[in-house]
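**Student:** I'd like to ask some things about the structure below.
The values are calculated or read from the model by the stated rules, or taken from the named source; none is laboratory data. As the structure is a prediction and not an experimental result, all values here were calculated from the model. With ideal geometry, Cβ positions are generated from the backbone for all residues, glycine too; neighbour counts draw on all protein chains shown.
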Amino acid sequence: MNRKLRMGMVGGGPGAFIGDIHRKAACLAGGIELVCGAFSSDPKKSRTMGKELFLDSKRVYDSYEDMMSSEKSLPPSERMDFVSIVTPNHLHFPVAERALESGFPVICDKPLTVNLVHARELAVIAKEKMLPFAVTYVYSGYPMVKEAKQRISNGDLGEIRKVVVSYTQGWLATLLERENQKQALWRMDPEKEGIAGCMADIGTHAEHLVRYVTGLEITELCADLHISVPGRKVYDDGDVLLHFANGANGLLSVSQVASGEENNLIISVYGEKAGLEWKQQEPNTLVIKRNNAPAEYIRTGLNSPGTGKHSRSAMILPAGHPEGFIEAFADIYRSFACGLLRTAGGYDYPTVNDGAAGIAFLEAALASAKSRQKWLKVQA
């Protein structure tokens, strides 16, 4: 193809956090340009955003329905090639469904939907239409996360016995939603976020990270979820015990009321021969641990010795230059674009099926938290 891929966006209007991240990531990935959008349910705000982004006013739409029908009617040489969905959670399904039915591939922020029925429906439609569908579980885009996955796949740790993942933030330690803070307003609204709260917002990241790195499926769980701040309507803290298909066990712990924490995502995996650890706040380092031996520190950087081809493919910068959140997002966009173009290289990005697995985990955790029964099956 002798041009850039044309991206349309739904959501990401004035003051939106994640929409701006997606736009920057697409730009950093290269070969992608934003050409149209329905950036807000408020047409005035959508047009304001379009002006800020220097888009053709004719391709800044008042609604996602208008955007899909108008773009579909354009000749292939002009219409958008795919849709990026960066709305609050409750709109993911209707927007993605409309995009797929209109023939457009989709890249959607997580969680995929607010219920498993809709998640499975999107997976079916994407398969029937043979359209690529990515879900931005961003942490799978970090080079050292890919390195961890490769080492486990190679058998460096031996049979996996235990997995511990924790994701702690402190920004919702008070009723920030009552102060009209935009990010808190919709995340703490059960009609837009869903009752799962922190489990949907960051717990699905932790769940996907575990499945991505280890390759193991969660078969059973036992959840203890909390509303820690009086007056809040959704869960803001929780712990989940995990059983995996190979017999291993684990713990997933998340909180958005852990005062003083920023974005503290940590995964530790322990096998019969060795263990490993990765911290999102120190993303350039993967630690390999063995009994009776010094810890081994693997570092990110182009041409880094000892790293595998999958992690090297995600590296952008020379050693010593931190690669972080936007770079990891960019890796997902780059892989998604490669898949659309069917160019050389792997298409290692989270799919609609990964998104559906995340919703299955969420629904099982919610059911377990409300049940007197200890263990519940995960119906993926």
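**Student:** Would you confirm whether any residue within segment 309-330 is in contact with a strand residue (DSSP E or B) (Cβ under 8 Å, 6 or more places away or on another chain) and either over 27 Å from G275 (Cα atoms) or touching a residue at least 40 places away in the same chain (Cβ under 8 Å) (or both)?
**Tutor:** For segment 309-330, residues in contact with a strand residue (DSSP E or B) (Cβ under 8 Å, 6 or more places away or on another chain) and either over 27 Å from G275 (Cα atoms) or touching a residue at least 40 places away in the same chain (Cβ under 8 Å) (or both): absent.
**Student:** Among the residues of segment 327-337, write down those that are out of contact with any Ser or Thr (no Cβ under 7 Å at 6 or more places or on another chain), of a type outside the set (S, T, Y) and closer than 18 Å to C108 by Cβ.
**Tutor:** So the first thing to find is which residues in segment 327-337 are out of contact with any Ser or Thr (no Cβ under 7 Å at 6 or more places or on another chain), and the list is 327-328, 330-331, 333-337.
Narrowing the set further to residues that are of a type outside the set (S, T, Y) leaves 327-328, 330-331, 334, 336-337.
Of everything in segment 327-337, those that are out of contact with any Ser or Thr (no Cβ under 7 Å at 6 or more places or on another chain), of a type outside the set (S, T, Y) and closer than 18 Å to C108 by Cβ turn out to be A328, A330, D331, R334, F336, A337.
**Student:** Next question, about the same structure. Only one of these is buried (at least 16 other Cβ atoms within 10 Å of the Cβ) and out of contact with any Gly (no Cβ under 8 Å at 6 or more places or on another chain): L362, L366. Name it.
**Tutor:** Just a single option satisfies the conditions, and that option is L366.
**Student:** In segment 182-223, which residues are surrounded by fewer than 20 Cβ atoms within 10 Å (Cβ to Cβ) and at positive phi?
**Tutor:** G215
**Student:** Can you work out which of the residues in segment 259-277 that are of a type in the set (A, V, I, L, M, F, W, C) and part of a strand (DSSP E or B) is nearest to R290 (Cα to Cα)?
**Tutor:** The residue in question is L276.
**Student:** Looking at I227, I218, can you tell me which residue is β-branched (V, I, T) and free of Cβ contacts under 8 Å to residues at least 40 places away in the same chain?
**Tutor:** Unique residue meeting the criteria: I227.
**Student:** State which residue is farthest from the chain's Cα centre (by Cα) when the search covers only segment 99-127 and only residues that are under 23 Å from E207 (Cα atoms) and assigned to a loop (DSSP other than H, G, I, E, B).
**Tutor:** Once the filter is applied, the top-ranked residue is N115.
**Student:** Right, next: Quick one: which of V240, V257 is over 29 Å from I152 (Cα atoms) and not aromatic (F, W, Y)?
**Tutor:** Result: V257 is the single residue among V240, V257 that is over 29 Å from I152 (Cα atoms) and not aromatic (F, W, Y).
Matching residues to (1) farther than 30 Å from R232 by Cα; (2) at pLDDT below 95:
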site	(1), (2)
K127	yes, no
A134	yes, no
V138	no, no
S153	yes, no
L157	yes, no
V163	yes, no
A173	no, no
A184	no, yes
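**Student:** Moving to a separate point now. Filter segment 155-180 down to the residues that are aliphatic (A, V, I, L, M) and either closer than 22 Å to L251 by Cβ or within 24 Å of the chain's Cα centre (by Cα) (or both) and list them by number.
**Tutor:** L157, I160, V163, V164, V165, L172, A173, L176 - these are the residues of segment 155-180 that are aliphatic (A, V, I, L, M) and either closer than 22 Å to L251 by Cβ or within 24 Å of the chain's Cα centre (by Cα) (or both).
**Student:** Another question, then. Please work out if M130 is closer than 27 Å to K45 by Cα and over 17 Å from the mean Cα position of the chain (by Cα).
**Tutor:** no
**Student:** While we're looking at this one, here's another question. Quick one: count up the residues across segment 195-223 that are under 23 Å from H92 (Cβ atoms) and part of a helix (DSSP H, G or I).
**Tutor:** 15
**Student:** Taking the conditions exactly as written (in contact with a Leu (Cβ under 8 Å, 6 or more places away or on another chain) and at positive phi), does G271 satisfy them or not?
**Tutor:** Working: in contact with a Leu (Cβ under 8 Å, 6 or more places away or on another chain): yes; at positive phi: no.
Judged against the criteria, G271 is not a match.
**Student:** Same structure again: Quick check, is N263 over 25 Å from A364 (Cβ atoms) and of a type outside the set (D, E)?
**Tutor:** It is true that N263 is over 25 Å from A364 (Cβ atoms) and of a type outside the set (D, E).
**Student:** Can you tell me which residue within segment 280-326, out of those that are hydrophobic (A, V, I, L, M, F, W, C) and at pLDDT 85 or above, is nearest to F336 (Cα to Cα)?
**Tutor:** My answer is I326.
**Student:** Oh, and also: Considering only segment 8-22, I want to know if a residue exists there that is closer than 22 Å to E327 by Cα, free of Cβ contacts under 8 Å to residues at least 12 places away in the same chain, out of contact with any strand residue (DSSP E or B) (no Cβ under 7 Å at 6 or more places or on another chain) and not assigned by TED's automatic domain parsing to the domain that holds A314.
**Tutor:** yes
**Student:** Sticking with this structure for a sec: So how many residues does segment 50-74 have that are part of a helix (DSSP H, G or I) and either closer than 22 Å to A26 by Cα or not acidic (D, E) (or both)?
**Tutor:** Selection size over segment 50-74: 14.
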